[in-house]
Amino acid sequence: TVDINGFVTANPNPPPSLVSGGILNNLNPIIGAPLAPGTIAQVYGDNFYSGTGFESAAAPPLEPRFRGAQLTVSAYPAPFYYISRTQAAAQIPTELTPGRTYSAILEVNGIFSVPQSFEVTGPTPGVVTSGSALVAQHSDYQLVTSMNPAKPGESLVMYLVGMGATNPDVPTGAPAPFSPLAQAAVQPVVTIDGQRADIIFAGVTPGYAGLYQINFKVPATARDGDLDVVITQNGIAANPPKLTVKK
């Protein structure tokens, strides 16, 4: 029998880590759910960044490396929108092929995390909400609220992530073009209070990376009230919001 005495000191450069199941749709976070190429995702872990608070990236094009950190999925960088020590927002590469499982690995200043896997699929939309209310804009860019409701027949804009491939393609981290517009390859279906809304445009917001929008018309026969809005792509539903409508 040999007694060995000693101690372990704290690692002065602790490695980065990714939480298992911690890469989620930023607006419709469901643990274990697959993600579409181009999705803005929440990413959870530790030691992403040694600073305090959040650091936000500049306007697109997004850089593959930010504050010494790079998230890579397969061979493709997943650029950051913002980063903190334990959380970040990154764009799932648009170049990934749906129907496959990929590994993500985080590298910070030359130190690598253990890889974490997630599934990539077709569109998995998530829509911007405030509580249960849909965040939508009138044509004058004012927000729809209970004091400034939508009207039957009015055109509005909502914003989303996770709507998947576009035509034309938009490279990861690049701003979407103004002409031609990058339309969603799988067009969504929007219903308001069970009535189908006419869609004017559905695709990536020009000048932005990973942010989609749907320009739509409130059905002319919509009733007054806080009405259920259902947004689907290929049968996959976004998080369900409500829209305030008043004649």
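The values are calculated or read from the model by the stated rules, or taken from the named source; none is laboratory data. Please read all numbers here as calculations on a predicted model, not as lab measurements. In this analysis, Cβ positions are derived from the backbone assuming ideal geometry, glycine residues included, and neighbour counts consider all displayed protein chains. These area figures cover heavy atoms from the full protein model, side chains too; ligands, DNA and RNA do not enter into them. Shrake-Rupley method; radii C 1.70, N 1.55, O 1.52, S 1.80 Å.
Some notes on this structure:
- Pairs where the first residue, in the stretch 175-190, is more than 14 Å from I231 (Cα to Cα) and the second is in a strand (DSSP E or B) and open to solvent by 50 Å² or more (accessible area, probe 1.4 Å), C-beta under 9 Å, 6+ apart: P180/N167; A182/N167; Q183/N167; A185/N167
- Residue in the stretch 213-223 that is on the phi < 0 side of the Ramachandran plot, open to solvent by less than 10 Å² (accessible area, probe 1.4 Å), among the aromatic types (F, W, Y) and in contact with a strand residue (DSSP E or B) (Cβ under 8 Å, 6 or more places away or on another chain) present: yes
- Of residues in the stretch 208-225 being more than 18 Å from V128 (Cα to Cα) and part of a loop (DSSP other than H, G, I, E, B), the one nearest to the chain's Cα centre (by Cα): P219
- V157 being over 22 Å from P168 (Cβ atoms), modelled with pLDDT of 95 or more and of a type in the set (V, I, T): no
- Residues of the stretch 174-185 that are of a type outside the set (S, T, N, Q) and either over 16 Å from G122 (Cα atoms) or not in a loop (DSSP other than H, G, I, E, B) (or both): A174, P175, A176, P177, F178, P180, L181, A182, A184.
- Residues that are part of a loop (DSSP other than H, G, I, E, B), free of Cβ contacts under 8 Å to residues at least 60 places away in the same chain, open to solvent by 40 Å² or more (accessible area, probe 1.4 Å) and not charged (D, E, K, R), drawn from the stretch 135-173: S139, Y141, Q142, M147, N148, P168
Results for (1) open to solvent by 50 Å² or more (accessible area, probe 1.4 Å); (2) at pLDDT 95 or above; (3) over 25 Å from Y81 (Cβ atoms), shown as yes or no for each residue.
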residue: P175; (1), (2), (3): yes, yes, no
residue: V190; (1), (2), (3): no, yes, yes
residue: T205; (1), (2), (3): no, yes, no
residue: N234; (1), (2), (3): yes, no, yes
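- Residue ranges of strands (runs of 3 or more DSSP E) in the stretch 6-116 with at least 2 members open to solvent by less than 50 Å² (accessible area, probe 1.4 Å) and touching a residue at least 60 places away in the same chain (Cβ under 8 Å): 17-25, 40-46, 87-91, 100-108
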